[in-house]
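Participant: Next up is a structure, given as C-alpha cells.
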Amino acid sequence: MVMKQQTIKFSIGQDGLVNDTELFNDDITTQQYVRTAIHTTLEELGIEVSDEWEMDDNSIELTVTRWT
C-alpha cells in the first residue's frame, strides 16, 4: 500500500470566516473559537497541522497534512 501525502490549506479570517465561508452563524463566533474548533476537528480526524501563521490582515492560515 502506497501512502500519499495530501495537503489542505485553511484561512481563518478575523471575522471567523474559514476559507471565506461562515461555519457558525451566531453572534458569539470569534476567530479563536473557530480556530479551536478546526484544531479539535482536525485532531479527531487524525490530520496534523503542519504550519500556522497569523497574517498581516489578522487572518490565520493553516496548512495541514493527512496521509492517505
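Participant: Which value, in Å² rounded to 10, gives the accessible area of SER11 with a 1.4 Å probe and all protein chains present?
Facilitator: 40 Å²
Participant: Then there's this: Round to the nearest 0.05 the FRET efficiency obtained for THR65 and ALA37 when R0 = 22 Å and r is the Cβ-Cβ distance. Write out the running numbers ahead of the final one.
Facilitator: On the way: r = 19 Å, r/R0 = 0.87.
Between THR65 and ALA37 the formula returns 0.70.
The values are calculated or read from the model by the stated rules, or taken from the named source; none is laboratory data. Note that the coordinates shown come from a computational prediction; the quantities given were computed from them, not determined experimentally. As a convention, Cβ positions derive from the backbone with ideal geometry for all residues, glycine included, and neighbour counts pool all protein chains shown. We work out accessible area using only protein heavy atoms, side chains counted, and drop any ligands, DNA or RNA first. Shrake-Rupley method; radii C 1.70, N 1.55, O 1.52, S 1.80 Å.
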